[in-house]
Amino acid sequence: MIVKPRAFSRGIHIAGHKSPTEHLPAERLPAPSELVLPLSQSVGAPATPVVTVGQTIRRGECIATRSGAVSADLHASMAGEVTFIGPRPDGRGGMTPCIVIAPSAAREDAFLAPLHDPSPEEIVARIGECGIVGMGGAGFPTQVKLTPPAPVDTLILNGAECEPYLTCDDVLMQTKSEEIVRGAKYLAKALGVSRVLIAIEKNKPEAIGKFFETDLEVVVLKKQYPMGAEKQLIYCCTGRKVPLGKLPANVGVIVQNVATAFAVCEAVEQGKPLIERIVTVSGGGIAQPKNLICPVGAPLSALAEACGGEQNAVKLVAGGPMTGAALTGEEAVVTKTTGGFLFLTREETNADEPTPCINCGRCADACPMKLMPMQTEFYTNAKEYENAAKYGGVLACIECGVCSYVCPARRPLAQAIKTAKAELRRKS
Ligand code: SF4
Ligand code: SF4
């Protein structure tokens with residue numbers, strides 16, 4: 001069944017840059033010589049290690065457990081030996097606590113027993129045991145999202161993938177549609193909802209075609225950025241508006257990424273924890289762009305090598321160019337939420353220095369949340385964070401990056417917003 005979508009106001013139309021990888025099947029990354037697994041791969045508290053240095057572990061074995069209500073278990077993505085537990089460079093100029101594994105050739109897996117016709121409670125428990133988090137980038141522990149604070153009647157699978165360059169979800173939908181549908185049914189059963197939609201931007205015709213024959217309702221979305229943002233997606237699929245400060249559950253909806261639904265299927269039917277994912281490696285600064293199936297913890301350097309190496313890249317990004325994080329080096333690793341790594345050339349980036357704001361209003365005109373980004377930057381630069389919230393509306397910002405993208409003065413607006421949010425959080 002096809003559902004007629006709405007369009008949200010504002011936002012932008014940007015070049016997709018998806019052609020280098022959108023038709024490439026995902027290939028498996030050659031086994032890296034080292035895996036570095038950050039303890040914090042989800043929203044909430046980092047996991048607590050339950051292994052020690054020198055311990056031999058099997059693939060799928062739990063190596064760190066949840067700490068608190070919002071956190072996620074972490075599992076070994078390859079068999080091997082634990083060689084280090086402690087801080088390692090995060091590729092963004094900081095350090096982060098990790099478990100380091102030297103992989104071995106051992107093939108014995110430590111997966112859980114498959115579940116047959118599981119109850120809603122068994123599905124939620126299994127998702128928690130398998131360390132599944134939102135794989136679209138948010139990283140919210142999925143078992144927590146399945147116990148919403150308000151009754152819900154609709155599950156939306158997010159296959160919009162509106163970020164330029166990234167094709168990991170597209171390729172997954174093209175090749176694993178049956179598993180995604182089964183995963184969606186487990187999620188729907190856990191939530192007690194009967195209406196399940198899958199929302200895909202219209203620039204992915206092969207993926208869309210895979211779901212026409214299923215019993216999911218298919219929403220073919222207009223190509224508009226940031227279509228994949230939860231509030232915009234919910235409005236376009238259902239017409240419901242999530243009020244400021246409220247959750248999707250408050251309007252009866254839960255959104256899950258298509259890769260998360262696939263991971264849920266594997267967790268239920270194979271007992272397989274979330275230990276690997278598809279990562280798009282792209283940009284003009286990499287020799288052979290690819291979609292790679294990577295173990296969590298695989299170093300970026302191993303992915304670059306598998307793609308023929310870097311060539312004239314001036315900027316490295318983890319994630320997409322609009323919402324991703326700029327990297328300072330190749331120490332970054334694949335996490336549960338890594339959709340891509342981009343190697344961008346000078347022509348693909350806007351590396352020029354910012355110039356003064358000319359009050360053109362383009363940032364406000366394009367903001368999908370109808371905010372005043374120039375006000376946020378002004379007050380953030382003055383360290384007046386309360387005024388940034390009052391006059392810029394920073395707390396409603398979804399960090400989509402549209403304002404920075406459209407600014408003719410190349411003002412670092414999205415960066416200022418992140419700073420203001422962090423300062424306001426620190427003070428609260
Ligand atoms: S202010 Fe926030 S929501 Fe608005 S365009 Fe900028 S990043 Fe996006
Ligand atoms: S788009 Fe840039 S130059 Fe124009 S008002 Fe916003 S911050 Fe100023």
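Quick notes
- Measuring nothing but how far apart in sequence close Cα pairs (under 8 Å, 6+ apart) lie, relative to its length, the chain scores a relative contact order of 19 percent.
- Length gained on full extension, Arg6 to Asn312, computed as 0.36 nm times the residue gap minus the Cα-Cα distance: 106.1 nm.
- Separation between Cα centres of the range 12-37 and the range 379-422, rounded to whole Å: 30
- Length-normalised contact order of the range 213-305 in % [C-alpha pairs under 8 Å, at least 6 apart]: 13
- Pair-distance distribution of the range 325-422: all C-alpha pairs, bin width 5 Å, starting at 0; shares per bin in whole percent are 2, 13, 21, 20, 18, 13, 10, 3, 0.
- Sites Glu178 and Phe212, calculated FRET efficiency, Cβ-Cβ separation with R0 22 Å, nearest 0.05: 0.95
- Charge dipole (debye, nearest 20) of the range 362-427; +1 at Cβ of Lys and Arg, -1 at Cβ of Asp and Glu: 140
- Of Ile85, Ser9, His75, farthest towards positive along the dipole that unit charges on Lys, Arg, Asp, Glu beta carbons give the range 1-136: Ser9
- Considering only Gly252, Ile278, Val268, the residue lying farthest towards the positive end of the dipole of the range 223-319 is Gly252, judged by Cα position with unit charges set on Cβ.
- Close amide H contacts of Asn257 (hydrogens built in the peptide plane, cut-off under 5 Å, sequence separation of 5 or more or a different chain): Met135, Gly136, Asn158.
- Residues Asp109, Asp170, ordered by accessible area of protein heavy atoms at a 1.4 angstrom probe radius and largest first, appear as Asp109, Asp170.
- Amide H to amide H, with H built 1.01 Å from N, Asp90 comes under 5 Å of Met95, Thr96, counting only residues 5 or more places away or on other chains.
- Derived scalar couplings ³J(HN,Hα) [the range 217-233; Karplus, 6.51 cos²θ - 1.76 cosθ + 1.60; whole Hz; x for Gly, Pro]: 7, 9, 10, 8, 7, 5, 7, 8, 9, x, 4, x, 5, 3, 5, 5, 5
- Label-to-label distance, nm, for residues given as Glu347 and Ala102 (7 Å Cα→Cβ offset): 4.5
- Cβ-placed point charges (K, R +1; D, E -1), dipole of the chain about Cα centre in debye, nearest 20: 1420
- Here the spin labels are modelled as points 7 Å beyond Cα on the Cα-Cβ line, and at Thr83 and Ala396 they lie 5.1 nm apart.
- Spatial offset of the range 152-201 relative to the range 315-360 amounts to 27 Å, using the alpha carbon center of each.
- In this structure, the amide hydrogen of Lys315, modeled 1.01 Å from its nitrogen in the peptide plane, lies closer than 5 angstrom to those of Leu344, counting only residues at least 5 positions away or on a different chain.
- Compactness of the chain was expressed as the Cα radius of gyration divided by 2.2 N^0.38 Å, which yields 0.95.
- Gain upon complete extension [Leu24, Met95; 0.36 nm per residue less C-alpha separation]: 22.2 nm
- Ala150-Ala287 pseudo-label distance in nm [points 7 Å out on the Cα-to-Cβ vector]: 5.4
- Length added when fully stretched, Val43-Glu122, from 0.36 nm per residue minus Cα-Cα: 26.2 nm
The values are calculated or read from the model by the stated rules, or taken from the named source; none is laboratory data. Keep in mind it's a predicted model, so treat the numbers as computed, not measured. Positions of Cβ are generated from backbone atoms using ideal geometry, with glycine treated the same way; all protein chains shown enter the neighbour counts. Accessible surface is based on the protein model in full, side chains and every heavy atom, while ligands, DNA and RNA are left aside. Shrake-Rupley method; radii C 1.70, N 1.55, O 1.52, S 1.80 Å.
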